[in-house]
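The values are calculated or read from the model by the stated rules, or taken from the named source; none is laboratory data. Just so it is clear, the structure is predicted and the values come from calculations on it, not from any experiment. In this analysis, Cβ positions are derived from the backbone assuming ideal geometry, glycine residues included, and neighbour counts consider all displayed protein chains. To get the accessible areas, we keep the full protein, side chains included, count just its heavy atoms, and leave off ligands, DNA and RNA. Shrake-Rupley method; radii C 1.70, N 1.55, O 1.52, S 1.80 Å.
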Amino acid sequence: MTATHTAYIGLGSNLEDPVQQLKTALQELDQLPETSLTQASSLYSSKPVGPQDQPDFVNAVAKLETSLEPLALLDQLQALEQTHRRVRERHWGPRTLDLDLLLFDDQIISHPRLIVPHAHMHERGFVLLPLAEISPNLSLPGKGSITDILSNIATDDLQILTKSE
Ligand code: ROI
């Protein structure tokens, strides 16, 4: 790999065996071209943000080293979502696999296809708690330290399902 970047990916699923969806997705992230998985959080169960009439989610965060540029990485993530036959029937409704590009080095990206840091991450416990588990000293570009942000956010709906190895 040439110039390597650090990227954080948020994973989420609430359909078709979510724990297995995430375990498989973590292995697949490690197999992407020019990319390796360097850390994965525990798997967490979480109450749905948005419409409540859907199953609980399983969430996790992965840390990648990659020499892909942001849009090339996004293409790979979207292709992976497709291989999980991603179902998305309605806005903020249930899904088989969501892969969100949360952070890319300390870059701020504003592109028609990609906003980094991810637009809602600083308000979502299901992203911040797993992220803080693997990178407690992180700061979010333009938003401050993860521990400060997390201290203002409810995380009592989150439970560790499977400890990271
Ligand atoms: N809620 C939770 N708890 N976890 C998610 O991954 C998630 N993803 C979404 C919406 C529907 C906003 N709610 C979520 O896309």
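If you bin the C-alpha pair distances of the chain every 5 Å from 0, what whole percents do you get?
Using 5 Å bins, I get a P(r) of 2, 9, 19, 23, 23, 16, 7, 1, 0, 0 for the chain.
Any idea what the dipole of segment 5-162 comes to, in debye rounded to 20, about its Cα centre with Lys/Arg Cβ at +1 and Asp/Glu Cβ at -1?
Details: 11 positive and 21 negative charges, 54 e Å.
Dipole size: approximately 260 debye.
Using a 10 Å cut-off on Cβ atoms, rank the peptides 39-45, 116-122 from the highest mean neighbour count down.
With the highest mean Cβ count within 10 Å placed first, the list reads 39-45, 116-122.
Per residue of segment 93-110, in order, report the coupling 6.51 cos²θ - 1.76 cosθ + 1.60 (Karplus, θ = phi - 60°) as ³J(HN,Hα) in whole Hz, putting x for Gly and Pro.
So the Karplus estimates, Gly and Pro as x, are x, x, 8, 6, 7, 10, 10, 10, 6, 8, 9, 9, 6, 10, 6, 10, 10, 10 Hz.
Return the sequence-ordered ³J(HN,Hα) values of segment 47-61 in whole Hz as given by the Karplus equation 6.51 cos²θ - 1.76 cosθ + 1.60 applied to θ = phi - 60°, using x for Gly and Pro.
6, x, 8, x, x, 8, 8, 8, x, 4, 9, 10, 10, 7, 10
Please work out the FRET efficiency for the pair T4 and E123, using the Cβ-Cβ distance as r and a Förster radius of 22 Å; give the result to the nearest 0.05. Don't skip to the end; give the middle numbers.
Numbers: r = 30 Å, r/R0 = 1.34.
Computed FRET efficiency for T4 and E123 comes out at 0.15.
Pull up all non-local amide H partners of S42: gap of 5 or more, or a different chain, and H-to-H distance under 5 Å with H placed in the peptide plane.
Under 5 Å from the amide H of S42: S164.
To the nearest 10 square angstrom, what accessible area does D56 show with a 1.4 Å probe?
Accessible area of D56: about 70 Å².
What is the extension gain from D157 to N137, computed as 0.36 nm multiplied by their sequence separation minus the C-alpha to C-alpha distance, in nm to one decimal? Walk me through the numbers on the way to the answer.
Details: separation 20, 0.36 × 20 = 7.20 nm, distance 2.31 nm.
Answer, rounded to one decimal: 4.9 nm.
Roughly how many percent of the accessible protein surface of the chain is carbon and sulfur, given a 1.4 Å probe and a whole-percent answer?
Details: 4020 of 8180 Å².
In the chain, the share of accessible area belonging to carbon and sulfur is 49 percent.
In nm, to one decimal, how far is the D148 label point from the A72 one, both placed 7 Å along Cα→Cβ?
3.5 nm
Could you give the length gained on full extension between I115 and S164, defined as 0.36 nm per residue of separation minus the Cα-Cα distance, in nm? If you can, show how the numbers build up before the last one.
Working: separation 49, 0.36 × 49 = 17.64 nm, distance 2.79 nm.
Taking 0.36 nm per residue and subtracting the Cα distance, the gain is 14.9 nm.
Considering only protein heavy atoms, what per residue accessible area in square angstrom results for segment 5-162 with a 1.4 angstrom probe? Walk me through the numbers before you get to the answer.
On the way: 7380 Å² over 158 residues.
With all protein chains present, segment 5-162 gives 47 Å² per residue.
Roughly how many Å² of E28 are accessible to a 1.4 Å probe, to the nearest 10?
50 Å²
For the chain, what does the helix formula give at 222 nm: sum of -39500 (n - 2.57) over DSSP H segments with n ≥ 4, over the residue count, nearest 500 deg cm²/dmol?
Values: 4 runs with 42 residues, N = 165.
Roughly -7500 deg cm²/dmol at 222 nm, from the helical runs in the chain.
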